[in-house]
1. In the stretch 1-100, which GluC sites (Glu not before Pro) fall in coil by DSSP and have 15 or fewer other Cβ atoms within 10 Å?
2. Have a look at Gly341, Leu224, Gly103 and report the one farthest towards the positive end of the charge dipole of the chain, computed about the Cα centre with Cβ charges (Lys/Arg +1, Asp/Glu -1).
3. By how many nm would the segment from Val284 to Glu82 grow when fully extended, if each residue of separation counts as 0.36 nm and the alpha-carbon distance is taken off?
4. With a probe of 1.4 Å, find how much accessible area the chain has per residue, and write the answer as a whole number in Å².
5. According to a simple spin-label model (label point 7 Å from Cα along Cα-to-Cβ), what is the distance in nm between Glu27 and Glu239?
6. What is the distance in Å between the Cα centroid of the stretch 201-234 and that of the stretch 149-186?
7. Picking from Gln298, Leu146, Ala215, whose Cα lies most toward the positive end of the charge dipole for the chain (charges on Cβ: Lys, Arg +1; Asp, Glu -1)?
8. Let's test this: bin the Cα-Cα distances of the stretch 285-341 at 5 Å from zero up to the farthest pair and state each bin's percent.
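The values are calculated or read from the model by the stated rules, or taken from the named source; none is laboratory data. Since the structure is predicted, the reported quantities are computational estimates derived from the model, not experimental observations. Cβ placement follows ideal geometry from the backbone for every residue including glycine, while neighbour counts extend to all protein chains displayed. SASA here: full protein model, heavy atoms, side chains in, ligands and nucleic acids out. Shrake-Rupley method; radii C 1.70, N 1.55, O 1.52, S 1.80 Å.
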Amino acid sequence: MIHQVSILGSTGSIGQSTLEVVSGRPEYAVFALSGHKNIKMLSAQCQNHRPQYAVLTDPDDAALLAREFGELGLDTVVLGGEQALQQIAADPAVDIVMAAIVGGAGLRPTFAAVQAGKKVLLANKESLVLAGQLFMDEVSRSGATLLPVDSEHNAIFQCLGNQLEVSAGVEKILLTGSGGPLLRRAIQTLSEVTPDEACAHPNWQMGRKISVDSATMMNKGLELIEACWLFGLSPDQIEIVIHPQSIVHSMVQYRDGSVLAQLGQPDMKTPIAHALAWPDRMDVPVERLNFSDIRDLQFEAVELSRFPLLKLCRQVSQMDQCYAIALNAANEIAVAAFLEGQIRFTEIQLIVEAAVNGTHPIELLSIEDVLTVDQHTRAWALQRVSERL
Ligand code: NAD
Ligand code: MG
């Protein structure tokens, strides 16, 4: 059987790794690819993988690419706009959707894939942070197969016996995090951290937004919320452990004292391949662990005073869903402003905290309601950044 695959966000770090994994494998056909601004890379990917559809966010960019493909004689159909992302996620011909757009922009197309009952490979953790209950309810209703790609959640899934279901024998989850590039930096110098320093992750090669989130450990906080929804756990069943080497990708502790861990090189091709091939396994040419080279695996407690956003995420994980939406939206705006050199590293947390404190919960009955809170907070956070300038 040939599986038709749509990759939402194919020009990003996860998207490119997914193409590497499926490349040269006749059992996977690339049905559709999508990009945001990087027309050149999307063009090259289409020439290589010959998908039926390519999507760009801006319709003018889409028209440019369509003209280029016309000249090249490439029969990939180019579509523009957000609606087109939902179309390639839900097309009846598609079997597998890799949800690898970064941020809240990934919610609608990922949700469309879930509504259409696809096998959904979830990298876009923000979808679950934003729409938790609505998202999981839709998975149950549609019969979609949800497979975690985030390395920690993929590890937990494997340690639970290749399933999302948490049996009564599970005592707790140990969610590991490297601590990022600022783990040992003097706290009083954090306000001087530059975008390049924040993005210089010691173990993982990732997009710039998630790299900054790793430096603040907001990423681990978002992952805590993601894990609660994916596995139906309460936040107090999840302990966060610093593990600087990123070899143990997370663990599950059982009631008899057993701890199961999933180990591997910090290479996203492993969880991507695991989710693609589930419930089988596929060969992936990633570097293997060599246990005679691994001298020590270190673990330590998180210093919450260094990572106030992680502390805030834990609080938010116990609050009304609207606070999680505000948390995520404000963080996206603040991280983008930091990457643009508009605010200091330590101002990210100030903006996110203020956004959460200023949130008034409303009832969330649909994805539209979720996006209303999201848009409202984004507008507020943008205003806050502009006042700062
Ligand atoms: P990235 O920045 O490298 O790529 C993001 C992709 O999203 C690109 O293809 C980009 O074109 C697209 N995109 C950006 N803004 C968009 C918009 N407004 N509309 C439509 N498309 C848009 O990001 P990444 O590192 O590949 O991360 C993607 C997702 O996977 C994130 O949610 C991240 O948290 C998650 N994730 C990434 C890693 C990793 O190792 N990179 C690990 C775990 C989870
Ligand atoms: Mg992760």
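1. For GluC sites (Glu not before Pro) across the stretch 1-100 that sit outside H, G, I, E and B with at most 15 neighbouring Cβ atoms in 10 Å, the list reads Glu27.
2. Most positive-ward Cα: Gly341.
3. 69.4 nm is the gain from fully extending Val284 to Glu82.
4. Using a 1.4 Å probe on heavy atoms only, each residue of the chain averages 43 Å².
5. According to this spin-label approximation, the distance is 3.8 nm.
6. After rounding, the separation between the Cα centres reads 10 Å.
7. Gln298
8. In whole percents, the pair-distance histogram is 4, 14, 13, 14, 13, 9, 12, 14, 6, 1.
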